[in-house]
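Notes follow once the structure below has been shown.
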Amino acid sequence: MLTIKDIARESGYSVSTVSRVLNNRRDVSPEAKKRITEIVTARHFVPNNNAKHLKQNSSKTIAVLVKGTSNMLFASIVEAIQKKVEATRYNVSINYVDEDDNEVEEAVIVCRERKPMGMLFLGGNPKFFEQSFEAVNVPCVLVTNQGESLGFQSLSSVSTDDVAAAEYAIDYLVNQGHQKIGILGGDFAMSHTSKQRYLGCMKSFQKHKISFEEQKYYEKSRFSYESAYGAMKRLLAKAEDITAVFAMSDMTAIGAIRAIIDCGKRVPEDISVMGFDGITMAKYYNPKLTTIQQQYGILAARSVEILLQNIDMDAVSVHEVVPFHLVQGESVKKIDVSEVK
């Protein structure tokens, strides 16, 4: 683990100088502060126990605001966040809101009533941030969604590129021979994530010169098994020619697969299903899901590191994009033109 002594050695400055920088003291030369801050940022150092905070006895809380009560990806991220924060002097407070609720309004209430030192948002809708984020008076990090375009100095973000990832998912299905592809996703008016992933899908269709009738091939679903089950049945009723489905979450994909089977069809022999997120259940489900995997461990770790640097060092906002990966499972079948009706 990187220590203050390691930073002192690497920077060429004394331990006391490093400590003053970490404590945001003014009696440090600009050159020393710049050099030490560069090392801290590059090495992802989180200052856990500097002198200023050791003298303080009050409880310090990081609030985590989770959008959606049944998102298994967020559950994994929350667990990783808790483990990361437990190694510091801070406590964690977990707060849940419905996936269609205004998370920023809830954040304002949390700030007023619980007075956290900082906040992590798991999921978020830009329009809510634009409307009222200025009332949130602590450093924040938006996790899984990009926040750079919002332009708030106190808001950082660590995310997956949803547009590129969804485009890659459709590219994969097309390369497996699929042309008639259904999509299960959220309401664009409420779910920024769904809107971004839909844009990625459209980029792929346009690139491959495939027409897409939204009314026929897109069906709204919340990110839950039950909602996806009903949405898949509606999609099958109006789009009987589909050979594949892109579900905007693995939970949606699992609900869709159950609906396909209950309608007398097989996965992937009759209809292929592609998920998104890479939750643990995806690799144990039958069939094992082919999915776009988000690196939840990195998303969680970097979010906590950035937030604590913002709290402890008054650092500038940071916006990072974490790479995604394709996980090839058993739920997508390669077909040729002769198999398509």
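The values are calculated or read from the model by the stated rules, or taken from the named source; none is laboratory data. These figures come from a predicted structure and were not determined experimentally. With ideal geometry, Cβ positions are generated from the backbone for all residues, glycine too; neighbour counts draw on all protein chains shown. Note: areas computed on protein heavy atoms with side chains; ligands, DNA, RNA excluded. Shrake-Rupley method; radii C 1.70, N 1.55, O 1.52, S 1.80 Å.
Residues whose amide H comes within less than 5 Å of that of residue 142, counting only those at least five positions distant or on another chain, are 121, 156, 157, 158 (H built at 1.01 Å from N in the peptide plane).
Take residue 266: with every protein chain present and a 1.4 Å probe, its accessible area is about 130 Å². For residue 272, the residues whose amide H sits under 5 Å from its own are 244, 245, 333, ignoring neighbours fewer than 5 places away on the same chain, with H placed 1.01 Å from N. Computing mean projected area of the Cα convex hull in nm² for the structure here picks out one of (i) 15.9; (ii) 21.2; (iii) 18.5, namely (iii). Summary of the geometry: segment 297-328 and segment 98-169, compared by the centres of their Cα atoms, lie 13 Å apart. The charge dipole of the chain, taken about its Cα centre with unit charges on the Cβ of Lys, Arg, Asp and Glu (plus for the first two, minus for the last two), comes to roughly 860 debye. With a cut-off of 14 Å between beta carbons, the residues surrounding residue 238 carry a summed charge of 0, where Lys and Arg count +1 and Asp and Glu -1. Of all accessible surface on the chain at a 1.4 Å probe, what whole percent is carbon and sulfur? The C+S portion of the solvent-accessible surface of the chain is 49 percent.
What net charge is computed for the residues neighbouring residue 208, neighbours being all others with C-beta under 12 Å from the C-beta of residue 208, Lys and Arg scored +1, Asp and Glu -1? Here the count lands on +1. Since only 246, 225, 260 are under comparison, the one whose Cα sits farthest along the positive direction of the charge dipole of segment 217-286, derived from C-beta charges on Lys, Arg, Asp and Glu, is 225. Whole-Hz Karplus values for segment 63-75 come out as 8, 10, 10, 9, 8, x, 9, 10, 7, 6, 5, 4, 4 Hz, taken residue by residue from phi with 6.51 cos²θ - 1.76 cosθ + 1.60 and θ = phi - 60°; glycine and proline positions read x. For residue 172, the solvent-accessible surface computed with a 1.4 Å probe is close to 30 Å², ligands and nucleic acids excluded. Sorting 312-322, 174-184 by average packing, meaning the other beta carbons within 10 Å per residue, from highest down gives 174-184, 312-322.
For segment 188-288, applying the loop criterion from DSSP together with a ceiling of 10 other beta carbons within 10 Å to the chymotrypsin sites (Phe, Trp or Tyr not before Pro) yields 284. Calculated [222 nm] ellipticity per residue, helices only, for the chain: -13000 deg cm²/dmol; basis is -39500 (n - 2.57) per DSSP H run with n ≥ 4, divided by all residues, nearest 500.
Taking the Cα centre of segment 88-152 as origin and assigning +1 to Lys and Arg Cβ atoms and -1 to Asp and Glu Cβ atoms, the resulting dipole is close to 480 debye. Summed over the residues of segment 139-185 and divided among them, the accessible surface reaches 30 Å² per residue at a probe radius of 1.4 Å. Since only 141, 152, 117 are under comparison, the one whose Cα sits farthest along the positive direction of the charge dipole of segment 110-153, derived from C-beta charges on Lys, Arg, Asp and Glu, is 117.
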